[in-house]
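What follows is a single structure, written as structure tokens, with notes after it.
The values are calculated or read from the model by the stated rules, or taken from the named source; none is laboratory data. Quick caveat: nothing in here was measured; it's all calculated off a predicted structure. Backbone-built Cβ (ideal geometry, glycine too); neighbour counts: all protein chains shown. Surface areas here come from the heavy atoms of the whole protein model, side chains and all, with no ligands, DNA or RNA. Shrake-Rupley method; radii C 1.70, N 1.55, O 1.52, S 1.80 Å.
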Amino acid sequence: DHGLSEADPHVRTIIDKEKQRQFRSLELIASENFTSRAVMEAVGSCLTNKYSEGLPGKRYYGGNEFIDELETLCQERALAAFRLDGKKWGVNVQPLSGSPANFEVYTALLNPHDRIMGLDLPHGGHLSHGFMTPRRRVSGTSIYFESMPYRLDESTGIVDYDMLEKSVNLFRPKLIIAGASAYPRDFDYPRMRKIADAVGAFLMMDMAHISGLVAASVVADPFEYCDVVTTTTHKSLRGPRGGMIFFRREPVLGVDLESAVNNAVFPGLQGGPHNHTIGGLAVCLNYAQSPEFRAYQNKVVSNCRALANRLIELGYKLVSGGTDNHLVLVDLRPLGIDGARVEKILDMASITLNKNSVPGDKSAQVPGGIRIGSPAMTTRGFTEKEFIATADFIHEGVKIALEAKRSVSGSKLQDFMKFIGSPDFTLM
Ligand code: PLP
């Protein structure tokens, strides 16, 4: 049996190139992070060889005594990391990632064509919260359920709770989803709970982006108000790629959430759990209870605020005017440039972030903003000083993008991309 270099030098080389790319770039994608060597060791272990359909103590295959021990430990650590009482809350650590976890909750709580309301994708929500356009039901969630997204108040960049309340009273959804992929503020859970209760709806929080911040108590805690909480494990939480579903143990609206969620995961939508991921997740959740982890999450937020303040000083317009968490959303439209061009220019300078729609955008292909996150570079040791310098680098990139746009005949994005990819145009 050979190691990777001998067995498959081609794949080894690709991995090495990706490692170099990760090493040399400023990683500012808000949903990414660098996990630890210990997590990677568990993920790359023999745990990947084992089938273990079912739950600890109730498996469909033999040989699971150590896998049972591992999954039970992972569940206990998950509850402890979020300060949950195991009598009131349970958790399923088997979801393969965030989107499957969300669909598993819908499968558990809803019948086909039941109504749901999540934050609209162009306003910061996630695809899996029911995204659809006037012409197409894009996400599976909107194909199998009736979705009516809620939106932000475009003048403030904050969720329009008054409008949400009115829409909920008309649409009468069975499930309301809090949580987002590009929202720099906390959700108002008490208000959402009240809105949900008025029509007898479940309230779910998808805390994928902020689960590390929730674990460290640096943002509001959704558990007090929600019935179900889902998360990915690889964003601010800094674990392996995976997902989790937390559920109340008491029946809610007559539904036994524990058996509904567990059955939706397996046999509803998944087969064998990825035990190597559960191993990595257990390692991550142990670390998530440490003082170092709390200090890290505090830095994620203070670094992000330093970045936001510097961008404001430089004249940028931020959606909602700032940030309370790990990301900022910059509205570039007042400058006459879009997020796609700025993303491309910064990519050439090894600054990795993503174009993002901002409230009021007309086109999803050429969105008017960029999303910038602080978790990954905080893991790599950046302090506020380096994030201020990063804002200045981004500013330089925006200036170059504006200059390049002016130099291209016509302003089509394709012409621009061709131009900046041409040998006539160099960054410096
Ligand atoms: N939920 C939210 C809020 C997200 O931002 C994301 C991914 O970015 C997901 C769910 C989906 O996670 P995954 O990509 O692991 O399916």
Cα-projected label distance for F23 with K385, points at 7 Å along beta-carbon direction, nm: 2.5
Could you sort 261-273, 99-111 so that the peptide with the highest average Cβ count within 10 Å comes first and the rest follow in order? 99-111, 261-273
With all protein chains present, how much of the accessible area of segment 72-196 (probe radius 1.4 Å) comes from carbon and sulfur, to the nearest whole percent? 54
Selection of trypsin sites (Lys or Arg not before Pro), segment 384-413, meeting DSSP coil and at most 14 other Cβ within 10 Å: K412
Could you please put R24, R371, R151 in sequence from largest to smallest accessible area, using a 1.4 Å probe? R24, R151, R371
Give the distance, in whole Å, between the Cα centre of segment 55-97 and the Cα centre of segment 230-299. 9
Taking all protein chains in place and a 1.4 Å probe, what share, in percent, of the accessible surface of segment 334-408 do carbon and sulfur account for? 52
If each DSSP helix of 4+ residues adds -39,500 (n - 2.57) and the sum is divided by the residues in the chain, what number results at 222 nm, nearest 500 deg cm²/dmol? -12500 deg cm²/dmol
In what sequence, largest accessible area first, do R136, R248 appear using a 1.4 Å probe? R136, R248
Among the lysines, which fall within straight-line cross-link reach of K50, defined as a Cα-Cα distance under 27 Å, with same-chain neighbours fewer than 8 residues apart omitted? K58, K235
Dipole magnitude of the chain about its Cα centre, charges +1 at Lys/Arg Cβ and -1 at Asp/Glu Cβ only, in debye to the nearest 20? 780
Antiparallel DSSP bridges in segment 129-272: what percent, to the nearest 5? 55
Say the dipole of the chain comes from +1 at the beta carbon of Lys and Arg and -1 at that of Asp and Glu; which of L285, G200, N169 then lies farthest toward its positive end? N169
Expressed per residue, the solvent accessible area of the chain in Å² (1.4 Å probe) is about 45
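So which GluC sites (Glu not before Pro) in segment 140-235 are both in a DSSP loop and have at most 15 other Cβ atoms within 10 Å of their Cβ?
E154
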Is there a pair in K88/K194; K355/K399; K299/K399 whose C-alpha atoms are over 19 Å apart, and which pairs would that be? K88/K194; K299/K399
Taking a virtual spin label 7 Å from the Cα of E313 along the C-beta vector, which residues in segment 378-394 bring their backbone nitrogen under 19 Å of it? 382-394
Can you pull the percent of segment 1-40's accessible area that's carbon plus sulfur, 1.4 Å probe, other chains left in place? 56
What full-extension length gain, to one decimal in nm, is calculated for H395 and D68 as 0.36 nm per residue of separation minus the Cα-Cα distance? 112.6 nm
Of the DSSP beta bridges with both residues in the chain, give the percent that are antiparallel, rounding to the nearest 5. 65
Dipole of segment 13-59 [Lys/Arg +1, Asp/Glu -1 at C-beta], most positive-end residue of L28, M40, T13: M40
Quick one: the Cα spread of segment 155-218 along its three principal axes, in angstroms, biggest first? 36, 28, 17
